[in-house]
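Visitor: After the structure tokens below, expect a handful of questions from me.
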Amino acid sequence: PIVLGIESTCDETAAAIVQGGTLRSNVVASSMDEHARYGGVIPEIASRAHAQAFVPVVSKALADAGLEVSDVDAIAVSAGPGLAGCLAVGVSGAKALGWAAGKPVYGVNHVIGHVAVTQLQFGALPANTMALIVSGGHTSLLHVEDIARHVDVVGTTLDDAAGECFDKVARLLGFPYPGGPHIDRHAQRGDSHAIHVPQGLTQGRAGKQHPYDFSFSGVKTAVARWIEERKAAGEPIPVDDVCASLAASVADVLAKKAMRGCAQYDADTLIVGGGFSANSQLRQALLTAGEEHGVDVRLPRIALCTDNGAMVAMLGSNLVQAGITPSSTDFPIDSAMPLEQIVMP
Ligand code: ATP
Ligand code: MG
Ligand code: FE
């Protein structure tokens, strides 16, 4: 099938065409620069940017593929999770386009799109696959039995997402938003054993077992306290070492729990996605752990890790191929769409 995918959950307005599992076009416009001076994404600004970019971005995705909207078999759009005002722009636009062109519309789960997109680089998903999705807003370990029909949430973060933790520490170190990539760069020059950074939730909390869950707010607090003590003592902050120690702690626990999940479900494939999977320390930790445990770690190229339209189009393609009923014409957005819900009824 030929599927147009549309993405507007956060600060990227994106559209792409996937035809029979092949990417035909992929257009991304970001409002990140407009948010940088506020130190985080401002929903109102992002919504306005989506309203401006929607038609140009979708038009370009169609033109780059040499298609018109009448040529597509279906339209897929992220219906959640994400910022409500942002989702509303993309979903309204997709519905209007579908209605005018007489095309079915699928309101899909953005996070499951991060899993689906890996098929564009590595081919179809094996029937029994684990997926680690890590970004500024999500840290989830999923078991994917059938991407069109059934996904289980195995673990999730109990507080901050991995990218959020990096961004918060980056702010303390004076890096501009988003700080994750700056930590990555400095970590490459630092000593990861220089500072003791605790690993979030390796044991479980308050007597409860959380073998597959994550917790990064304590990690951030520990690093923040260490920095404050150094400052109070009038000592310089070894920025590279702080970054290297933080990155190693976060990468290790993510890799460890992902491998534990693979063993539990007897899965020999691990899909990785989300903007934080651009992190070089995490990529290295996952590749090393994968080799050790005999798990095929599918790390897509960076452009497919960050938010894009290809992920939405690819998931839409999976749904069309599986014969899943399109969403109703009045399907809602859901800013907290559960990860078990792949598509809006
Ligand atoms: P969502 O959570 O809805 O998917 P998002 O905008 O938070 O949306 P992405 O755009 O996929 O997610 O990822 C952005 C996050 O990834 C930010 O927290 C950013 O700091 C982090 N990030 C990007 N590159 C790197 C890197 N090389 N190292 C560490 N963190 C990174
Ligand atoms: Mg983003
Ligand atoms: Fe995302």
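Visitor: Would you point out which residue out of Leu286, Leu201 is at pLDDT 95 or above, under 24 Å from the mean Cα position of the chain (by Cα) and surrounded by 22 or more Cβ atoms within 10 Å (Cβ to Cβ)?
Guide: Values: Leu201 fails: at pLDDT 95 or above.
That would be Leu286, the only listed residue that is at pLDDT 95 or above, under 24 Å from the mean Cα position of the chain (by Cα) and surrounded by 22 or more Cβ atoms within 10 Å (Cβ to Cβ).
Visitor: Go over the candidates Val41, Val28 one by one and state the one that is within 15 Å of ligand 1 (Cβ to nearest atom) and more than 29 Å from Ala124 (Cβ to Cβ).
Guide: Numbers: Val28 fails: more than 29 Å from Ala124 (Cβ to Cβ).
Just a single option satisfies the conditions, and that option is Val41.
Visitor: Can you confirm whether Val105 is of a type outside the set (S, T, N, Q) and in contact with a helix residue (DSSP H, G or I) (Cβ under 7 Å, 6 or more places away or on another chain)?
Guide: Yes, satisfied.
Visitor: I'm trying to understand the selection: among the residues of region 173-190, which are buried (at least 17 other Cβ atoms within 10 Å of the Cβ) and within 20 Å of Ala222 (Cβ to Cβ)?
Guide: The answer is Leu173, Phe175, Gly179, Gly180, His182, Ile183, Asp184, His186, Ala187, Gly190.
Visitor: Right, another one. Applying the selection to region 163-183, what residues are within 17 Å of the chain's Cα centre (by Cα) and either within 16 Å of ligand 3 (Cβ to nearest atom) or in a helix (DSSP H, G or I) (or both)?
Guide: Gly163, Glu164, Cys165, Phe166, Asp167, Pro178, Gly180, Pro181
Visitor: Which number in (1) at pLDDT 95 or above; (2) over 30 Å from Arg48 (Cβ atoms); (3) in contact with a strand residue (DSSP E or B) (Cβ under 8 Å, 6 or more places away or on another chain) marks the one condition that His110 misses?
Guide: (2)
Visitor: Identify the residue in region 12-50 that is within 14 Å of ligand 3 (Cβ to nearest atom) and farther than 20 Å from Leu315 by Cβ and, among all such residues, is surrounded by the fewest Cβ atoms within 10 Å (Cβ to Cβ).
Guide: Here the answer is Met32.
Visitor: Of the numbered conditions (1) within 22 Å of the chain's Cα centre (by Cα); (2) in a helix (DSSP H, G or I), Val223 satisfies every one except a single condition; which is it?
Guide: Only one criterion is unmet by Val223, namely (1).
Visitor: Only one of Gly234, Gly174, Gly179, Gly163 is within 13 Å of ligand 1 (Cβ to nearest atom), out of contact with any His (no Cβ under 6 Å at 6 or more places or on another chain) and either polar (S, T, N, Q) or free of Cβ contacts under 8 Å to residues at least 24 places away in the same chain (or both). Can you tell me which?
Guide: Values: Gly234 fails: within 13 Å of ligand 1 (Cβ to nearest atom); Gly174 fails: within 13 Å of ligand 1 (Cβ to nearest atom); Gly163 fails: either polar (S, T, N, Q) or free of Cβ contacts under 8 Å to residues at least 24 places away in the same chain (or both).
The match here is Gly179.
Visitor: Still on this model: Of all residues in region 325-345 being aliphatic (A, V, I, L, M) and over 21 Å from Thr129 (Cα atoms), which is farthest from ligand 3 (Cβ to nearest atom)? Step through it out loud before you land on a result.
Guide: Step one: filter region 325-345 for residues aliphatic (A, V, I, L, M), giving 333, 336-337, 339, 342-344.
Cutting the leftovers down to over 21 Å from Thr129 (Cα atoms) gives us 333, 336-337, 344.
Values: Ile333: 15, Ala336: 15, Met337: 12, Met344: 18 Å.
Step by step, filter region 325-345, then rank; the result is Met344.
Visitor: At least 2 residues that are in contact (Cβ under 8 Å) with a residue 60 or more places away in the chain and closer than 21 Å to Gln321 by Cα in each: list the helices (runs of 4 or more DSSP H) lying fully within region 1-102 that qualify.
Guide: Those helices (runs of 4 or more DSSP H) span 84-101.
Visitor: Of everything in region 307-345, what is surrounded by fewer than 20 Cβ atoms within 10 Å (Cβ to Cβ) and of a type in the set (Ser, Thr, Tyr)? Give them in sequence order.
Guide: Of everything in region 307-345, those that are surrounded by fewer than 20 Cβ atoms within 10 Å (Cβ to Cβ) and of a type in the set (Ser, Thr, Tyr) turn out to be Thr325, Ser328, Thr329, Ser335.
Visitor: Which count do you get for residues in region 260-283 that are crowded, with 20+ Cβ neighbours inside 10 Å, on the phi < 0 side of the Ramachandran plot and either in contact with a Leu (Cβ under 6 Å, 6 or more places away or on another chain) or not β-branched (Val, Ile, Thr) (or both)?
Guide: 13
Visitor: I need every pair where a residue in region 256-281 that is closer than 18 Å to Asp152 by Cα and more than 16 Å from ligand 1 (Cβ to nearest atom) has its Cβ under 6 Å from the Cβ of a residue that is among the hydroxyl-bearing types (Ser, Thr, Tyr) and modelled with pLDDT under 95, sequence separation at least 6 or different chains.
Guide: Qualifying pairs under 6 Å: Lys257/Tyr212; Gly261/Tyr212.
The values are calculated or read from the model by the stated rules, or taken from the named source; none is laboratory data. Just so it is clear, the structure is predicted and the values come from calculations on it, not from any experiment. Neighbour counts are summed over all protein chains in view; Cβ atoms, including those assigned to glycine, are modelled from backbone coordinates with ideal geometry.
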